[in-house]
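In what follows, a structure is listed as structure tokens, so that the remarks can point back to it.
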Amino acid sequence: MRRAFLVRLWPVFFVLTAADASWPRLPPIDGELAGKFSATAIPGAPPLDWKLRVRATGAGRRSAELSVAASGARLRAEADFDGVTGNGSWKIIESELEAAVWFSVLAPQFGSSLNGISAEGKMILSGNGVLQNGRPSGMVKLAWSDGALRNSVQGWSLDRVALDGAYEFDAAAMSVRSSGPLELTVRTITTKRFGARNVLINALLNENRTLSVSMARIEIAGGEITADPTTLPLSPPVLKLDLRIKNVGLQDTVALVPAALTDARGRIDGEVRVSWSEATGFQVGDGHLGLRNDEPTILRLASLPGFLTSHLPERFALLPAWTGPLARWFAPTNPAYAEMRDIEMGRAELQVQALDVQLTPEGDSQGRSAVVQLSARPARAGGSVKEVTFQINVSGPLAAVLKLGINQGMSVKLQ
């Protein structure tokens, strides 16, 4: 069963797994063998036709040519070797794998994290090397062009994906590692909440099945997010990244905090740690975000009745309540009340003067997983409110919230 599985995966075999050390010796015959593998070893795989041609070339040496064809896949490889020792050389002449056909076949081999994802594009494998006692070693190159990954249920897509990498492998030692930088690029990312573009990742595959990422960069909302160099395990896959945020537009953050904001303009810098695993999903770690001062920052709150006005009297009581009607007659309207009502109902924009976001998912001294401190003034000139300062507190998992819970802690300055 394992041997059939590896034969079917020949075009990506050396990249995905180390070869079986007990590599088969060809029988001492000249001629041609052909057959068909069914889908029993890999559920969902199309039938695979194979043909092996072997012939003697003199002086005890032999040559072999293997061709494989299936829906969305083809391979032709050849080898020249000593018929007794099994020593010689091998080369992949041509290969092509259609991601649209084979991604859904191979995805279950990597766990449930790839469920619901479809792929596009062509994968090309090339390579050559030597045979020692019939076991191959050498170098292979994998190139994925015109690629795409999509999940229609979750509503995201990666378009114009390209992957290039070269790898050294040794079947006897059951080892695979990069012989040069692996480069992954993505032209555009589309999700239900935001878009991004120009993803660039440079990394090295290590023999211990980890990935050393030397560069990771993405453009989003007119700014850039980069990741510090890190090493990530691949089996099972786990992401832990320290991100640096530079000049990112606030407009894309509105979709992440729908309980607090309906509109935001301006730009932020900062650092934040994020992680992902199949067991825990996406997690936001410690971090800090702050405003850039090279352009105005405008916010509009979501409708939060009472958020600001609950701290203000609608009228100023000049006489004690026991004076009855006189108390109501001599209670002038608070000029700030209507303006604060417009702000809390999302009808008025705020010109932000200072914004500080602290992320502490494990909880700070007060058990808060995030604290947002904001100082702003109404964007509409001529009002009685000069400045409003308030605090937004988050308690609970940030990945689940990212809808900020509003807390007390507000002050108002009047003209």
* Output for region 72-84, where each listed residue is over 20 Å from ALA56 (Cα atoms) and not in a strand (DSSP E or B) -> GLY72
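Here's the yes/no breakdown for (1) part of a helix (DSSP H, G or I); (2) on the phi > 0 side of the Ramachandran plot; (3) touching a His at 6+ places or on another chain (Cβ under 8 Å):
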residue	(1), (2), (3)
GLY86	no, yes, no
TRP90	no, no, no
GLU94	no, no, no
ALA100	yes, no, no
PRO108	yes, no, no
GLY116	no, yes, no
LYS122	no, no, no
SER126	no, no, no
VAL130	no, no, no
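Listed here are the residues, each with its yes/no results for (1) among the β-branched types (Val, Ile, Thr); (2) touching a residue at least 24 places away in the same chain (Cβ under 8 Å).
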residue	(1), (2)
LEU184	no, no
THR188	yes, yes
LYS192	no, yes
ASN208	no, no
ARG217	no, no
THR226	yes, no
LEU239	no, yes
ASP252	no, yes
* **Scan of region 143-179 for residues that are within 23 Å of the chain's Cα centre (by Cα) and not in a strand (DSSP E or B), ordered by number** => SER152, VAL153, GLN154, GLY155
* What strands (runs of 3 or more DSSP E), lying completely within region 361-414, carry at least 2 residues that are under 22 Å from SER303 (Cβ atoms) and modelled with pLDDT of 80 or more? -> 370-378, 385-394
* To do: Check off (1) in a strand (DSSP E or B); (2) at pLDDT below 80 for ILE29 and give me the number that stays unchecked.
  => (1)
* Asked: Is there a residue in region 75-87 that is of a type in the set (D, E, K, R), surrounded by 15 or more Cβ atoms within 10 Å (Cβ to Cβ), touching a helix residue (DSSP H, G or I) at 6+ places or on another chain (Cβ under 6 Å) and modelled with pLDDT of 95 or more?
  -> no
* Asked: Where residues in region 91-120 are free of Cβ contacts under 8 Å to residues at least 60 places away in the same chain and touching a helix residue (DSSP H, G or I) at 6+ places or on another chain (Cβ under 6 Å), which of them is farthest from ALA70 (Cα to Cα)?
  -> LEU114
* Among TRP156, TRP90, TRP102, which is the only one that is surrounded by 15 or more Cβ atoms within 10 Å (Cβ to Cβ), modelled with pLDDT of 90 or more and closer than 27 Å to PRO233 by Cα? -> TRP156
* **Residue check, LEU308 in contact (Cβ under 8 Å) with a residue 60 or more places away in the chain, crowded, with 20+ Cβ neighbours inside 10 Å and within 19 Å of ALA221 (Cα to Cα)** => no
* **Positions within region 231-251 being under 15 Å from SER212 (Cα atoms), part of a strand (DSSP E or B) and not charged (D, E, K, R), in sequence order** => THR231, LEU232, PRO233, LEU234, PRO237, VAL238, LEU239, LEU241
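The values are calculated or read from the model by the stated rules, or taken from the named source; none is laboratory data. The structure presented is a predicted model; accordingly, all values stated were derived computationally and were not measured. Neighbour counts run over all protein chains shown; Cβ positions are idealised from the backbone, glycine included.
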